[in-house]
Amino acid sequence: MRPRKRFGQHFLHDPGVLKRIVEAIGPARGDLVVEIGPGEGALTRPLLERLDRLTVIEIDRDLSARLIDEFPADRLTVICADALDHDFSAFPAGTRIVGNLPYNISTPILFHLARYADRVRDMHFMLQREVVERMVAKHSTPAYGRLSVMLQTRFAMKKLFNVAPGAFRPPPKVESAVVRLVPLQGAVIPEKFTDVVRRAFSARRKTLRNALGLSPEDFAELGLDPKLRPENLSPADYLRIARYAQTSSR
């Protein structure tokens, strides 16, 4: 298949990289696994060697048709759909999600999947290396931002290994990396959390006083310095602010 730019397609073909990904996932026969963006099936095939069955979500109709033709329906379920629109709550609790995510929409997909963290066992993704570094970044570092906070409050994450452009067809202009996400047990996200984080990082260069619009009394109650910048707060700090905003109806 000729890769289509509108879908951000870069087909992974390196056998060594594929083997490392499968080993990192460690699939067992009865695992419930969903692969996003299977493309030509490079990862699908080694996964099916170790699974009883697999479900894939592929937006490209031609690629979906090829997968349906290649694999028996009792082994592979093909959902021709946009993962951004898919309701992942339809899958059983404990589902494992994997994939080589399209780099042009990887952040929206991660935000979408974060909504289903309580139903997922773990997730393994190939992403642009810069995105992975933002995901796992510590606060007060250059890579730390909204993506870091939104995901670190829901998942324990680990960057596993880098992947060079030559592992893909066509080679992307950036390096890639594989990351593991494991949902945090008992994570409770306040209703106002997303809005608080969005407001903070939409004004990244401003101080917290100007970014969040809290009063001096609010900052004193929270024990936070209003002169700090959004990247100086930890994910736990943002959870505290969201809980405070919720209880004070701000």
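The values are calculated or read from the model by the stated rules, or taken from the named source; none is laboratory data. Computed from a predicted model, the values in this text were never measured in an experiment. Cβ placement follows ideal geometry from the backbone for every residue including glycine, while neighbour counts extend to all protein chains displayed.
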May I ask you to list the residues in region 227-250 that are surrounded by 14 or more Cβ atoms within 10 Å (Cβ to Cβ), among the aliphatic types (A, V, I, L, M) and assigned to a helix (DSSP H, G or I)? Leu239, Ile241, Ala242, Ala245
Considering residues of region 29-70 that are outside any loop (DSSP other than H, G, I, E, B) and touching a Lys or Arg at 6+ places or on another chain (Cβ under 8 Å) only, the residue surrounded by the fewest Cβ atoms within 10 Å (Cβ to Cβ): Pro46
Counting just the residues of region 82-109 that are assigned to a strand (DSSP E or B) and among the hydrophobic types (A, V, I, L, M, F, W, C), which one comes out surrounded by the fewest Cβ atoms within 10 Å (Cβ to Cβ)? Ile97
I'd like the full set of residues that are hydrophobic (A, V, I, L, M, F, W, C), more than 21 Å from Glu133 (Cβ to Cβ) and part of a loop (DSSP other than H, G, I, E, B), limited to region 150-193. Ala187, Val188, Ile189
Looking at region 147-160 only, could you name the residues that are under 15 Å from Ala236 (Cα atoms) and in contact (Cβ under 8 Å) with a residue 60 or more places away in the chain? Ser148, Val149, Gln152, Thr153
Inter-residue pairs, beta-carbon under 8 Å, first over 23 Å from Glu175 (Cβ atoms) and in region 117-131, second of a type outside the set (Gly, Ala, Ser) and in a helix (DSSP H, G or I), 6+ apart: Arg119/Phe88; Val120/Phe88; Val120/Leu113
Kindly list, by first and then second residue, each pair from a residue in region 70-94 that is touching a residue at least 40 places away in the same chain (Cβ under 8 Å) to a residue that is in a loop (DSSP other than H, G, I, E, B) and among the charged types (D, E, K, R), limited to pairs with Cβ atoms under 9 Å and residues at least 6 apart or on different chains. Phe88/Arg115; Gly94/Asp31
Which condition number does Pro92 fail, the rest of (1) more than 14 Å from the chain's Cα centre (by Cα); (2) on the phi > 0 side of the Ramachandran plot being met? (2)
What about Lys173, is it surrounded by fewer than 20 Cβ atoms within 10 Å (Cβ to Cβ) and at pLDDT 95 or above? no
Of all residues in region 71-80, how many are more than 19 Å from Pro27 (Cα to Cα), in contact with a helix residue (DSSP H, G or I) (Cβ under 9 Å, 6 or more places away or on another chain) and either of a type outside the set (Val, Ile, Thr) or not in a strand (DSSP E or B) (or both)? 1
Quick check: anything in region 61-77 within 16 Å of the chain's Cα centre (by Cα) and not charged (D, E, K, R)? no
Residues of region 31-59 that turn out to be out of contact with any strand residue (DSSP E or B) (no Cβ under 8 Å at 6 or more places or on another chain) and at pLDDT 95 or above, as a count: 5
Considering (1) closer than 26 Å to Ala242 by Cβ; (2) buried (at least 16 other Cβ atoms within 10 Å of the Cβ); (3) more than 11 Å from the chain's Cα centre (by Cα), say which one Ala156 fails and leave the rest. (2)
Of all residues in region 161-186, which are over 17 Å from Leu110 (Cα atoms) and in contact (Cβ under 8 Å) with a residue 60 or more places away in the chain? Phe161, Val163, Gly166, Ala167, Phe168, Arg169, Pro170, Pro171, Pro172, Val174
Which numbered condition in (1) in contact (Cβ under 8 Å) with a residue 12 or more places away in the chain; (2) closer than 21 Å to Phe168 by Cβ; (3) not polar (S, T, N, Q) is the only one that Asp52 fails? (2)
Which condition number in (1) closer than 24 Å to Pro142 by Cα; (2) surrounded by 11 or more Cβ atoms within 10 Å (Cβ to Cβ); (3) in contact (Cβ under 8 Å) with a residue 24 or more places away in the chain is the one that Arg205 fails? (2)
